[in-house]
Amino acid sequence: MPNGSSETGTIATDKPESKAYIGRFAPSPTGPLHFGSLLAAVASYLEARRRHGQWLVRIEDIDPPREEPGAIAAIVKALEIYGFEWDGPYQLQSKSNAEHKLALQTLRERGFVYRCGCSRRDLASVAIGPGGPIYPGYCREGTSAEETALRVRTTNEPIEFTDRLQGKQAQQIESECGDFIVRRRDRLIAYHLAVVVDDHLSGINEIVRGVDLMDSTPRQIWLQRLLGYDQPEYAHIPIAVDGQGQKLSKSQAAFAIPMAKPERTLVAALERLGQRPPEALAKAGIREIWAWALEHWYIDRLAGQRVIAAGRPPSGHEPRRQKRQ
Ligand SMILES: [Zn+2]
């Protein structure tokens with residue numbers, strides 16, 4: 001088994017108990033920060049600070065076709081205005097492209113990767129799983145196509161992990177997702193590989209993020225095992241949905257969080273995260289709100305929850321449509 005190859009012979013109890021906590025917030029620059037991302041930022045930040053750890057910000061800018069010009073600056077500015085303090089300079093995922101390629105090379109050398117020439121049309125009739133079409137392994141034995149993506153081989157050995165908030169999870173990747181892409185046909189490194197490499201490089205040992213990413217966690221754990229990386233802990237927080245039950249960021253009304261009066265929106269975020277802030281807190285300054293939040297932060301209030309009804313955002317939110325004048 002791949003994870004067997006990384007065993008060093010040290011027994012587990014020899015591991016130091018108090019490894020410093022390193023968490024992160026990793027938005028994609030596909031638009032300004034919306035309320036859903038703010039929830040993930042707040043939760044990951046408070047959990048890291050509560051545990052006297054570091055909190056890193058990493059902008060996942062490895063998919064230029066999907067990026068919105070100016071989004072990186074807008075996200076960083078929003079985080080500043082909302083009073084987040086991250087450790088070190090914020091990171092750009094594109095800067096670690098050389099390491100992504102090295103990891104890909106390692107996977108290739110170990111024989112876990114193969115070329116896939118299937119087009120979208122070739123896969124049009126296959127079953128759909130949590131990560132999109134379930135790849136049926138058409139190119140496992142080779143392809144004559146010239147333009148190819150690279151896929152990583154998977155098995156049906158269940159990938160199990162215990163999420164701190166959502167409990168025991170298991171997935172059989174081969175039948176539920178299929179062999180998945182690690183380098184796209186346009187030669188860009190695929191999301192899962194980049195995330196796994198960057199988390200490893202930064203020493204991230206707990207990932208707090210939205211539950212919409214929980215289905216992709218087994219694929220990321222699979223890559224960690226193939227590459228011999230340590231597996232971080234996971235805490236998947238509920239995602240914000242609108243009145244129609246649509247994920248906030250994907251719905252028509254994906255609101256950019258307002259830059260004016262951030263106090264009100266921050267308090268609303270704490271409330272949606274189950275933290276019961278007193279009413280008067282909305283009139284306090286940003287620093288005071290963070291001090292209260294840190295003192296009262298209790299992530300377990302979110303245990304077992306998959307969605308947070310965000311309802312109507314506090315007034316002052318502007319629909320993105322209007323922001324793009
Ligand atoms: Zn194929």
Estimated distance in nm for a label pair at Thr30 and Lys247, the labels positioned 7 Å out from Cα along Cα-to-Cβ: 0.7 nm
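Restricting to bridges with both residues inside the chain, how much of the DSSP beta-bridge set is antiparallel, in percent to the nearest 5? Write down the numbers at each step before the final one.
Working: 19 of 35 bridges.
Antiparallel bridges make up about 55 percent of those DSSP assigns within the chain.
What is the ratio of the Cα radius of gyration of the range 99-192 to 2.2 N^0.38 Å, with N the residue count, to two decimals? Before the final figure, lay out the partial values.
Numbers: Rg = 14.2 Å, N = 94, 2.2 N^0.38 = 12.4 Å.
Output field value: 1.15.
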Cα-projected label distance for Ile72 with Ser94, points at 7 Å along beta-carbon direction, nm: 0.5 nm
Taking the chain and dividing mean pair separation by its residue count, relative contact order in percent (alpha carbons under 8 Å, at least six apart): 20 percent
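Can you tell me which of 27-33, 197-203, 184-190, 84-90 comes out highest on packing, and rank the rest after it, using the mean Cβ neighbours within 10 Å? Intermediate results must be reported in sequence, preceding the final value.
Details: 27-33: 21.3, 197-203: 19.4, 184-190: 16.0, 84-90: 14.0.
Most protected by this proxy first, the peptides run 27-33, 197-203, 184-190, 84-90.
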Cα→Cβ-extended label distance, 7 Å offset, between Gln231 and Val307, nm: 3.0 nm
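What full-extension length gain, to one decimal in nm, is calculated for Leu213 and His296 as 0.36 nm per residue of separation minus the Cα-Cα distance?
Working: separation 83, 0.36 × 83 = 29.88 nm, distance 2.64 nm.
Length gained, Leu213 through His296: 27.2 nm.
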Alpha-carbon centroids, the range 122-199 and the range 35-60: separation in whole Å: 27 Å
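Need the full-extension length gain, Asn156 to Arg276, defined as separation in residues times 0.36 nm minus the C-alpha distance. One decimal, nm. Could you put the intermediate results ahead of the total?
Working: separation 120, 0.36 × 120 = 43.20 nm, distance 4.28 nm.
Gain on extension, Asn156 to Arg276, equals 38.9 nm.
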Alpha-carbon spread of the chain, three principal axes, descending order, Å: 64, 54, 34
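A short reminder: the numbers here are calculations on the coordinates, not readings from a lab. In this text the structure is predicted, and so the values were computed from the model without any measurement. Note that each Cβ is placed from the backbone with ideal geometry, even for glycine, and that neighbours are counted across all protein chains shown.
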